[in-house]
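First the structure, in the form of structure tokens, and then the observations on it.
Coordinate-derived values only; no laboratory data. Predicted, not measured: the structure shown is a model, and the values here were computed from it. When we count neighbours, we look across all protein chains shown, and the Cβ atoms used for this are built from the backbone with ideal geometry, even at glycine.
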Amino acid sequence: MKKCTTRRLDKVPPSGIRKFFDLISSMEGVISMGVGEPDFATPWHITEAAIHSLEQGFTMYTSNAGMLELRQELSAYLKRTYDLDYDPDTELLITSGVSEGLDLAVRAIIDPGNEVIMPDPAYVAYPACVLFADGVPVQVPTYCENDFRLPASDVEAAITPKTKAILIGYPANPTGAVMEMERLAEIADVARRRKLLVISDEIYNLLVYDMEPTCFACLPGMKDHTIMLGGFSKAYAMTGWRIGYAAARHEIIAAMTKIHQYAALCAPTMGQIAAIEALRSGEPEAKRMIEEYDRRRRVIVKGLNDMGLDCFEPRGAFYAFPSIRSTGMSSEEFAESLLMEEKVAVVPGTAFGKCGEGHVRCCYATSMSNIEEALNRMARFVHKHRPG
Ligand code: PLP
């Protein structure tokens, strides 16, 4: 039979994370540190605001760009948090999560064959959405020895005449790595000199431990050259509401809105109402959740190191990314055997790029008792498989 789907799709492998979830769903008694989402329910006052709007029959489309009230609230939030001025009418777009924002940003700026530089390992959607836009992802290796930071010199070395943008996301999924403002400034310097746009995925920007949140667009001269993507999924435990935003200069937001208005029309109305409430009064709960993630982070990092799986200190997001090299197994072997033998689900580092080999991603957005039991099971597993 004639092939009915586009060849473009063949360049993108199925998500290595999905494969694992399918396996897990067929098993009982699994402790999952696989899914990258908060285990908390959305704070009740946020849910209640959305319920109230439904009771009032507020179930229509909103404007393509998102409710003006939300864009105004967002503009005020970006001003008070980062001292950045974004015009709610022309420089902000409400999207269905950062996922849609990422897809729109890439499609708005990439012509076929354009290259986009990104770190390896990185969030699975980064290379995929560039390939879907007929662009070329250029993955720059990052290493545990360097705390998985992206060196500006390596970014510069990867630039060719076809390079259009740099795509970064710090704090990072899957490593939990952060880039301090001084390091981001080095990337900004490269972008400025080489006239490249920067797509900065800041979905985890509030989830940082022992440091202040970072913001790429705050760097001198970068606001107009940055597409900032932000969201509500992680910090406010709102993954299912599907709300995110893009902040960029007018010309870019207009291009992204053009795609969005045909492909999505608008982000979910109920989610937009919830996002307004989150911005107005969600901060205390977000802080409480972050404190709890921090407690779990310390327990998991210590537990992994104690069992002989070297784990660098993640300073953001809610992932630990230990090395499993001491077991002599590959990432895939480790994750599959751990699931089969001890019913603990972690994601092989290779799901996030070649440089993820030798590591697994453990999401600690799960209860402390789950983390403690998972660590017991993992220690037993590592002991059993210790070479020699
Ligand atoms: N960016 C990163 C780095 C992520 O880890 C995720 C989800 O795991 C997303 C974006 C998607 O976020 P959203 O729920 O806003 O679509």
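Inter-label distance, residue 193 to residue 37: 4.3 nm, where each label sits 7 Å from its Cα along the C-beta direction. Relative to the first principal axis of the alpha-carbon coordinates of the chain, what is the inclination of helix 68-82, with its axis defined by its Cα atoms, in degrees from 0 to 90 and to the nearest 10? The angle comes out near 60 degrees.
Using a simple spin-label model with pseudo-atoms 7 Å out from Cα toward Cβ, residue 51 and residue 258 lie 4.3 nm apart. If you filter the range 1-56 for GluC sites (Glu not before Pro), then keep DSSP loop positions with at most 11 other Cβ within 10 Å, what is left? When the GluC sites (Glu not before Pro) of the range 1-56 are filtered for loop state and at most 11 Cβ neighbours within 10 Å, 28 remain. May I ask for the distance between the Cα centers of the range 256-288 and the range 309-368, given as a whole number of Å? Cα centroid to Cα centroid, the span is 32 Å. Length gained on full extension, residue 325 to residue 59, computed as 0.36 nm times the residue gap minus the Cα-Cα distance: 90.5 nm. Using only Cα atoms and rounding to the nearest 10 degrees, what angle (0 to 90) does helix 16-25 make with the longest principal axis of the chain? Here the helix axis deviates by roughly 70 degrees. Pairs from the list 195/258; 343/384; 11/354; 19/343 with a Cα-Cα gap above 21 Å: 195/258. Each other residue within a Cβ distance under 15 Å of residue 41 adds +1 if Lys or Arg and -1 if Asp or Glu, for a net charge of -4. As a rough footprinting exposure proxy, the listed residues 216, 318 were ranked by other beta carbons within 10 Å of their own, and the order from fewest upward is 216, 318. Calculated FRET efficiency, residue 69 to residue 11, Cβ-Cβ distance, R0 = 45 Å: about 0.65 to the nearest 0.05. With N as its number of residues, the chain has a Cα radius of gyration that, divided by 2.2 N^0.38 Å, comes to 0.98.
Between 0 and 90 degrees, rounded to the nearest ten: what's the tilt of helix 368-384 against the longest Cα principal axis of the chain? Once rounded, the angle reads 40 degrees.
Computed from the Cβ-Cβ distance with R0 of 45 Å, the FRET efficiency linking residue 23 to residue 89 stands at 0.40.
Arrange the following residues from fewest to most other Cβ atoms within 10 Å of their Cβ: 20, 232. Can you show the working numbers first?
Numbers: 20 22, 232 26.
Fewest to most other Cβ atoms nearby, the residues stand as 20, 232.
Here is how the number arises for the chain: DSSP H runs of 4 or more residues each give -39500 (n - 2.57), the sum is divided by the residue count, and the result at 222 nm is -13000 deg cm²/dmol.
Value of Rg to Rh for the range 290-388, rounded to two decimals, is 0.93; Kirkwood radius and Rg both from alpha-carbon coordinates.
Stretch residue 146-residue 369 to full length: gain in nm at 0.36 nm per residue minus the Cα-Cα span?
Values: separation 223, 0.36 × 223 = 80.28 nm, distance 3.17 nm.
My answer for the length gained is 77.1 nm.
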